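Trainee: Here it is: the structure, laid out below.
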Amino acid sequence: MDWNSDILKNHSWTGAITNLESKQKAAEQIAAKVVSGDIIGVGSGSTSYLALLAISQRIKNERLQIQAIPTSVEIALSCSKLSVPVTSLYEHRPDWYFDGADEVDPNNYLIKGRGGAMFKEKLMMCASPLNYIIVDNSKLVDKLGSKFPIPVEVFPTALMHAEASLKALGAIEVMLRPAQGKDGPVISENGNLILDVRFDIIGNDMENKINCITGVIESGLFQNQSVEIIVA
Ligand code: 5RP
């Protein structure tokens, strides 16, 4: 039985998509990789949304049998709206995963998490044997942190401890991410708080150092993962 839900019928990407044309080209490249039978981890953000749209077109046109594992409520709703079948990490390991990023440096290290989904995104990336990161040119940087802070998801009562520990690692700015549709801070999908953290220097071991802070659930710094970058 269907819900006949107006929320689902009206669901689409909220707001304008920056660099739409480039992101669409990258999305098409991802959709071209889909093979019937694939279990695909699906990232979050507007580029991932466009890739999911392109994949859903191929599913319809070619009757492909795939299952998606979404990394956020936002993309789970998009799967539902686009009739893309979903599964979870309980049932399946992804054959491959795609996602966007906020920054990519020459080592293919990333900053992600503008959308706050970095915990499940990193979990998916670690679970998947093959990871594609799809970005437009604007995401390529010489130095991580040039444009975006590093988001750090923190268990609520560890907030001040995490702030002090991040400062001890050299953080020059630690901001509690404010919510936009509610008063107070953003509450993550996992019930936690998000700190946006700036450093002058981000060493190659910073991901490990941040993750060692008790109370840190995950950060949006990706230095330890193997990824293939697709630039459109
Ligand atoms: C969400 C993310 C996104 O992948 C990242 O913010 C890129 O977003 P967009 O494709 O909208 O530019 O990490 O947590």
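We did not get these values from a lab; they are worked out from the coordinates using the rules stated. Computed from a predicted model, the values in this text were never measured in an experiment. No Cβ is skipped: glycine too gets one built from the backbone with ideal geometry, and neighbour counts run over all protein chains shown.
Trainee: Tabulate in residue order the Karplus-calculated ³J(HN,Hα) for the stretch 114-123, using 6.51 cos²θ - 1.76 cosθ + 1.60 with θ = phi - 60°, rounded to whole Hz; enter x for Gly and Pro.
Mentor: Calculated HN-Hα couplings, in order: 3, x, x, 9, 5, 5, 5, 5, 5, 4 Hz.
Trainee: Kindly rank 176-189, 59-72 from highest to lowest mean number of other beta carbons found within 10 Å of each residue.
Mentor: With the highest mean Cβ count within 10 Å placed first, the list reads 59-72, 176-189.
Trainee: How large is the convex hull of the Cα atoms of the chain per residue, expressed in Å³ as a whole number?
Mentor: Looking at the chain, the number lands at 135 Å³ per residue.
Trainee: With a point put 7 Å past each Cα toward its Cβ, work out how far residue 38 is from residue 190 in nm, to one decimal.
Mentor: If labels sit at residue 38 and residue 190, their model points lie 2.6 nm apart.
Trainee: Label residue 211 and residue 126 with points 7 Å out from Cα along Cα→Cβ: what is the distance between them in nm?
Mentor: Taking the simple label geometry, residue 211 and residue 126 are separated by 0.5 nm.
Trainee: Could you list which residues have their amide H under 5 Å from that of residue 217, counting only those 5 or more apart in sequence or on another chain, with H placed in the peptide plane?
Mentor: 153, 154, 155
Trainee: Please identify every one of the trypsin sites (Lys or Arg not before Pro) in the stretch 75-167 that sits in a loop by DSSP and has no more than 12 other beta carbons within 10 Å of its own beta carbon.
Mentor: Answer in residue order: 143, 147.
Trainee: Just to check I understand the Karplus step: with θ = phi - 60° and J = 6.51 cos²θ - 1.76 cosθ + 1.60, what whole-Hz values come out for the stretch 12-17, glycine and proline as x?
Mentor: In residue order, the calculated couplings are 7, 5, 7, x, 7, 9 Hz.
Trainee: Calculate the spin-label point distance for residue 231 paired with residue 17, positioning each point 7 Å from the Cα along the beta-carbon direction, and give it in nanometres.
Mentor: 2.1 nm
Trainee: Another question, if that's okay. Using mean Cβ contacts within 10 Å as the protection proxy, how do 25-32, 211-218, 13-20, 95-102 order, highest first?
Mentor: Averaged packing, sorted descending, gives the order 95-102, 25-32, 211-218, 13-20.
Trainee: Which FRET efficiency, nearest 0.05, do residue 204 and residue 77 yield, Cβ-Cβ r, R0 35 Å?
Mentor: Approximately 0.45, to the nearest 0.05.
Trainee: Starting from 0 in steps of 5 Å, tell me what percent of the Cα-Cα pairs of the stretch 150-220 lands in each bin.
Mentor: Histogram of Cα-Cα distances, whole percents per bin: 3, 18, 31, 26, 13, 6, 2, 0.
Trainee: Another one. Taking H as built 1.01 Å from N, whose amide H comes closer than 5 Å to the amide H of residue 103, not counting residues under 5 places away?
Mentor: 111
Trainee: Taking θ as phi - 60°, what are the ³J(HN,Hα) couplings along the stretch 44-57 by the Karplus curve (6.51, -1.76, 1.60), each to the nearest whole Hz, with x for Gly and Pro?
Mentor: Taking θ as phi minus 60°, the curve returns 10, x, 5, 5, 5, 4, 5, 5, 5, 4, 5, 5, 5, 5 Hz for the stretch 44-57.
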